[in-house]
Amino acid sequence: MNLVILLLIPLLTALLVLLVKSATQVKVVALTGSVFQLVIAVFLLCAFRTDVAANGNHLAHFEQNHQWFPSLGISFHLGVDGIAVSMILLTAFVVLAGVLVSWNVEKMTKEFYFLLILLSFGAYGFFISLDLFVLFFFLEIAVIPKYLLISIWGSGKKEYSANKLALMLMGGSALVLVGMLGLYFTGNEKTFDLLKLAAQQIPTDVQQICFPLLFVGFGVFTALFPFHTWVPDGHSSAPTAGSMFLAGISMKLGGYGCLKVAAFLLPAATKQYGDYIIVLSAIAILYGAFATMMQKDLKYINAYSSVSHCGFVILGIGMLTKGSVNGAVLQMVSHGLMTALFFAVIGMIYERTHTRQVNEMGGLLKVMPFASTVLFIVGMCSLGLPGLSGFVAEMTVFVGSWERTGMFYRIATIAACMSIVVTAVYILRAVSRTAMGPVKEQFAGLKDVSWYEKLAAVVLIAGILAMGLFPSWLTKLVEPGVSAIINRINGI
Amino acid sequence: MLNDFFILMKMELLVTVIIFLLLLVKLGKGISNDVLLPIIQVGLLLNFLAGFFLNKEGILFDGMYYTTPLAVVQKSILNLGVYLISLLFADWFRRCENLAEFFVLMLSALLGMFFMISSGNLLIFYLALELSTIPIAAVVNFDLRMKKSSEASMKMILSSAFSSGILLFGISLIYGITGSIQFAELSVIVTQSPLQILAFIFFFTAFAFKLSIVPFHLWTADVYEGSPVAVTAFLSVISKGAVAFIFLTVLYRVFHSLNYTWYHLLVALSVITMITGNLFAIRQDNFKRFLAFSSIAQVGFILVGVSADSVAGQTSVVYFILVYLFSNLGAFGVISAICANTGKEKISELKGLYKNNPFLTWVLALSLFSLAGIPPTAGFFGKLFLITAGASRADYWFIIVAALNMIISLYYYLIVIKTIFSKADDQSVQKIQLLPSVKLGLMICAAAVILTGLMSWVYDYIAALK
């Protein structure tokens, strides 16, 4: 299949959104576009499996390479492996759900949807590009819509949050840029091509300089401690769909970059710096979990728990075993679906109660049974109930991490495991205070969620269940890509 | 020979023809601005088109005049800029009392720049530099009733006279040491003796004045603020571009043997210039002052590319100036339209611009995104190529500082973007009726900002030129 379709669909949708007149037309166009995205993503999955069955696994399926600035060694090089396919699927799910929950956005509807679709365009481009320059191009495309989404449609201290988010993310991408240029000038042939760079022997001293730049640069996107501070503010100020995209897609750009660019291209340095990564991720996991315990605002609860959950992604990458890195990818998918759903349901509740403070709510199960059930499901997923995606992902990370012997790794793994207990505490407390107990007077007359919100929740729950009940298809999908990276690292 | 003369000097000759045409028009009476302006526009457009034909390398007047296909492209870029200025600021031009004089002066400056780019000799270089500066000082003062405009003109003439003095001192030292004023000879003779380095630094300082490199930038903000918008746009884009082009020639060709000296000089000045420009831009509320400081920061960026000392460096600088021209003129065009219709010139007064003027808002947003270097606008490519060229020296700290400065600049551009898109109130800008030529100019800028980067042949075309 031609990967350019993945770019064309969001691009056309975005242009069409700008062209049509009324708000309803905008929504219909955006919804149609995002349904198409999901269809294409599922089709890509099928085509990918057929291709693997026919040609075996390699690093770039459906590859295509066009000249773009040939005098600088930049080419429009596209191709996917299993990891990219899983990320594209995740993106398509989150985009569809995000478009659905925003059905009642009234302020500047057209611009809102335009930015949402533009963000998904950046994300797809990022996942399919095999040229660092193109990858960077799409990475930056995905940042600015977030700034505008938060600063125009956000709530609370939105200007502060929007600035903080945009500047920190752009700061991250500036580091990525420097690391990228370091790689560009090392080889005999000046090139940004990921596969050509991978084939070159990059000297260890260059790796030592470039790896921290690339890893920290991408790490900022995925809430690497201590660069996670944009996460709570950004998520809590963003409009519902904005938070969903931020947690569900944007943070995954970082994890994917850490894995596919930093770890893949710089195996020697990855091995060398692995222990530092583990320390940082263990801190993020524990700190995120304990910080969540102190939060009273539902959005802050989910934002801080995202820091903790994304810590598992980094931990999995840092442990450098096949199992753990597999787990990291699974955790990206799982966390993407789960957090998107969590933010969606918080949005539904806030829309009606006009508060996000846990202690001001109570008994919502009686007035809003659907929303409360979804909240319960997502809570269970977050604390790792078997049968849902969170369990599969975290379990894989733990088992994979345990394969690393040695006191240091064991302690880090155990510390990370302990966070599950803390997660259980804050999730159960938040869910019970919100949904259980007697109904508060002022909430007695509330109506349950509307059709579009239900649909959005169903889409994401379908994804969570598909991953939780049948994890093997996803594992099989990502495993060859992960093995390629780990083999490179172990080969040294 | 005569044939060569016409072909090699076609850009200069065509501009001269327009200037004389305007002088003739001034002799007769009764041609209104509405007729005069289109004539000028057509003339400039023809000159721009002429830049695509019959380009070759050649020397005239015993090496005083030297042109290459790259020089013609550089002249075409400047010419295109003046053409866009004549479109974008039509509001102001139509009300201008002495339009013919205004363009005679502006085009003389442009002619000076053309000669400067093609100069092959220190004297003609100095002459051309003066020709490109003095008329500008006169047009800065064109808002005759505004006190600020006269003040700006005074500052401009004093500071440029000062920098010319330093330049002449540098030139005389160079001549005293080497006994030559020809660029071609100098490039062989110049050595690293302390006196020559001193002479070079005097020479360099004059460029720093013209490019408003920190610490020689102090005239910039006041002059930009006091001048009519059209002149501010000319100063910030065309003047800067012309000096940057000749700067490349001087550093890469004439003083190449001193490249160790000027590389370190450039790195230091680039870092201070970027940081100062950015930090001062954050605090500005007047849009012209804001763009003045942001243009100082952009010059810091251009120096990153210049420091590369390679073909990639040269190409990236020329490419960046092209991109910068579209982005900056787009921004100035929008501000001029708003200012001409409502008198608003402050960033805080632009709140809610989007509600009544979506087209202007999008053009301004695209221009600012391009200045900030956000994809898919051309500014992203321009800045990235400058950094890529500069990074070839593997000076990681320099590149990190440059990349982080992009973040600081993003902060203040985003403030403006947020302001224009934010909620409108009673004070927000009314619906503005745009003149057709302004609309055309803005459309050209917006389309170019989106397409120049994505269409990679633009870069490759410049890269392929000698």
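Annotations
- If the condition is being in contact with a helix residue (DSSP H, G or I) (Cβ under 9 Å, 6 or more places away or on another chain), polar (S, T, N, Q) and surrounded by fewer than 24 Cβ atoms within 10 Å (Cβ to Cβ), then region B:337-376 contributes B:341, B:342, B:348, B:361.
- Count - residues of region A:308-342 that are farther than 17 Å from residue A:244 by Cβ, assigned to a helix (DSSP H, G or I) and among the aliphatic types (A, V, I, L, M): 9
- Of all residues in region A:436-483, those that are exposed (fewer than 12 other Cβ atoms within 10 Å of the Cβ), at pLDDT below 85 and not in a helix (DSSP H, G or I) total 4.
- Leading residue by the ranking (surrounded by the fewest Cβ atoms within 10 Å (Cβ to Cβ)) among those in region B:410-452 that are under 26 Å from residue B:89 (Cβ atoms) and at the interface with chain A (Cβ under 9 Å from one of its Cβ atoms): B:415
- Note on region A:57-76: residues that are in contact with a helix residue (DSSP H, G or I) (Cβ under 8 Å, 6 or more places away or on another chain) and away from chain B (no Cβ under 14 Å) amount to 6.
- Residue match in region A:279-286 (condition: surrounded by fewer than 24 Cβ atoms within 10 Å (Cβ to Cβ), touching a residue at least 12 places away in the same chain (Cβ under 8 Å), closer than 25 Å to residue A:135 by Cβ and in contact with a helix residue (DSSP H, G or I) (Cβ under 9 Å, 6 or more places away or on another chain)): yes
- Test set (1) within 19 Å of the chain's Cα centre (by Cα); (2) under 24 Å from residue A:75 (Cβ atoms); (3) more than 10 Å from every other protein chain (Cβ to nearest Cβ) - residue A:99 fails condition number: (2)
For (1) within 14 Å of chain A (Cβ to nearest Cβ); (2) of a type in the set (S, T, N, Q); (3) closer than 24 Å to residue A:135 by Cα, each residue gets a yes or a no:
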{"site": "B:332", "(1), (2), (3)": "no, no, no"}
{"site": "B:342", "(1), (2), (3)": "no, yes, no"}
{"site": "B:350", "(1), (2), (3)": "no, no, no"}
{"site": "B:363", "(1), (2), (3)": "no, no, no"}
{"site": "B:369", "(1), (2), (3)": "yes, no, yes"}
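- Test: residue in region B:334-343 that is of a type outside the set (Gly, Ala, Ser), within 30 Å of residue B:117 (Cβ to Cβ) and in contact (Cβ under 8 Å) with a residue 60 or more places away in the chain: yes
- Residue count for region A:139-149, restricted to those that are in a helix (DSSP H, G or I), within 10 Å of chain B (Cβ to nearest Cβ) and not hydroxyl-bearing (Ser, Thr, Tyr): 5
- The set of residues in region A:7-28 that are free of Cβ contacts under 8 Å to residues at least 60 places away in the same chain and in a helix (DSSP H, G or I) comprises A:8, A:9, A:12, A:15, A:16, A:19, A:24, A:25, A:28.
- Residue count, region B:41-70 (criterion: modelled with pLDDT of 80 or more, closer than 16 Å to residue B:5 by Cβ and among the aliphatic types (A, V, I, L, M)): 4
- Meets criteria (at pLDDT 90 or above and either among the aliphatic types (A, V, I, L, M) or within 30 Å of residue A:261 (Cα to Cα) (or both)) for residue A:397: yes
- Some residue of region A:159-172 being in contact with a Pro (Cβ under 8 Å, 6 or more places away or on another chain), in contact (Cβ under 8 Å) with a residue 60 or more places away in the chain and crowded, with 24+ Cβ neighbours inside 10 Å: no
- For residue B:319: the one exception among (1) outside any loop (DSSP other than H, G, I, E, B); (2) more than 12 Å from chain A (Cβ to nearest Cβ): (2)
Per-residue answers, yes or no, for (1) crowded, with 23+ Cβ neighbours inside 10 Å; (2) more than 21 Å from residue A:478 (Cβ to Cβ); (3) out of contact with any Pro (no Cβ under 9 Å at 6 or more places or on another chain):
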{"position": "A:82", "(1), (2), (3)": "yes, no, no"}
{"position": "A:91", "(1), (2), (3)": "yes, no, yes"}
{"position": "A:94", "(1), (2), (3)": "yes, no, yes"}
{"position": "A:109", "(1), (2), (3)": "no, yes, yes"}
{"position": "A:129", "(1), (2), (3)": "yes, no, yes"}
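- Counting only helices (runs of 4 or more DSSP H) that sit wholly inside region A:176-261, those with at least 1 residues that are surrounded by fewer than 24 Cβ atoms within 10 Å (Cβ to Cβ) are A:194-199, A:204-221, A:230-237.
- Residue check, residue B:390 over 24 Å from residue A:111 (Cα atoms) and within 10 Å of chain A (Cβ to nearest Cβ): yes
- Evaluation of residue B:62 against the conditions (1) exposed (fewer than 15 other Cβ atoms within 10 Å of the Cβ); (2) free of Cβ contacts under 8 Å to residues at least 40 places away in the same chain; (3) in a helix (DSSP H, G or I) shows that the sole unmet condition is (3).
- Where a residue in region B:122-142 is more than 22 Å from residue B:204 (Cβ to Cβ) and its partner, wherever it lies, is not in a helix (DSSP H, G or I), with Cβ under 7 Å and at least six apart: B:140/B:227; B:142/B:228
- Yes/no for residue B:328 being over 16 Å from the mean Cα position of the chain (by Cα), buried (at least 21 other Cβ atoms within 10 Å of the Cβ) and at pLDDT 90 or above: no
- The lone exception for residue B:463 - which of (1) at the interface with chain A (Cβ under 9 Å from one of its Cβ atoms); (2) outside any helix (DSSP H, G or I) it fails: (2)
- Flag if residue A:12 is at negative phi, modelled with pLDDT under 90, surrounded by fewer than 23 Cβ atoms within 10 Å (Cβ to Cβ) and aliphatic (A, V, I, L, M): no
- Within the set B:132, B:119, the sole residue that is within 17 Å of residue B:321 (Cβ to Cβ), out of contact with any Leu (no Cβ under 7 Å at 6 or more places or on another chain), buried (at least 16 other Cβ atoms within 10 Å of the Cβ) and modelled with pLDDT of 85 or more turns out to be B:132.
- Residue within region B:76-84 that is hydrophobic (A, V, I, L, M, F, W, C), buried (at least 22 other Cβ atoms within 10 Å of the Cβ), in contact (Cβ under 8 Å) with a residue 40 or more places away in the chain and within 23 Å of residue B:339 (Cβ to Cβ) present: yes
The values are calculated or read from the model by the stated rules, or taken from the named source; none is laboratory data. Because the structure is a prediction, the values reported are computed rather than measured. We place every Cβ from the backbone using ideal geometry, glycine too, and count neighbours over all the protein chains shown.
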